[in-house]
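Contents: one structure, followed by commentary.
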Amino acid sequence: MKSIDLRHRLAAVLLAVCLVVCCALPAFATSASLVSGRLGSLHVRLYDTHNDVPLRGGELTLYQVAAVKRTGGSLSYAYTGDFTGCGVPLGDLSDSTLADQLAKYLPTVPAVAAQQNVDEEGYADFTKLPQGLYLVMQTEASHGYEAIKPFLVSIPLPDGDSWIYDVDATPKVGATIPDTPETPPDTPDLPEQPDTPDTPVSPGTPDNPVSPGNPDNPVSPENPDNPVSPSNPDKPVLPQTGQLNWPVPVLACSGVLLFAVGWVLNRQGKKEH
């Protein structure tokens, strides 16, 4: 019974040690086919598969997180540079939270391994990279898109019993940003227009006479068709032409006198015959 318990305890201890090693620094499958010192490359393409268009512009930056460490016949990662002593366990490299943790650990002025602009086809190529683990971040977003999330990539990349030194990566692109219309320049305030005075009307215009003293019933003093006496504007009178009244009785009396003289002369003429 004691031997059986001892075997169980020993198996449990070995299993725990294996789990700790696997979680702390992931070992490569094999080191036999790995060419030490061989440089690799990373080719990143930013492509919007939903709209079927490449992302244009922006900038991608690489930070070397760890270097490849060979111990006997096994390979593992060892933190280097700004990430030395960060304490973040290197577990599943495809876990996005791991890249986010390392991105938050970056100092204000980190050591940059490489930096490339994104071309018109959405490509950013990094060449002559030493073997190791790299953190990829988009330090300048592409036009019309939010920056991609940070991700980790291994150079070289294990592929079964072989290694891929020229690695291709197509990360998920960020959300689109609608174009903001340009703000038109401020329109200067137009000067206030002065009040337009009423069109003056000449009192002497015969077509539309207006009397300054009575705008509701304008009458021109020079209009002979409808004269108005200043003393009695409600009763029209005949125009004064300048003739006198005294000749009327004189002419009447002269007529009667002439009629009488003619009648007398007519009577005398009948008597003579």
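Observations, loosely collected:
- Of the residues screened, ALA99 is one that is surrounded by 14 or more Cβ atoms within 10 Å (Cβ to Cβ) and in contact with a Leu (Cβ under 6 Å, 6 or more places away or on another chain).
- Being assigned to a strand (DSSP E or B) and within 11 Å of VAL65 (Cα to Cα) is not true of LEU102.
- Scanning region 126-157 for residues that are among the β-branched types (Val, Ile, Thr) and in a strand (DSSP E or B) yields THR127, VAL136, THR139, VAL153, ILE155.
- Residue in region 34-53 that is closer than 21 Å to ILE164 by Cβ, at pLDDT below 90, over 51 Å from the mean Cα position of the chain (by Cα) and surrounded by 15 or more Cβ atoms within 10 Å (Cβ to Cβ) present: yes
The values are calculated or read from the model by the stated rules, or taken from the named source; none is laboratory data. Every value quoted in this text rests on a predicted model; they were computed, and no experiment measured them. Cβ coordinates were reconstructed from backbone atoms using ideal geometry, including for glycine residues, and neighbour counts include every protein chain displayed.
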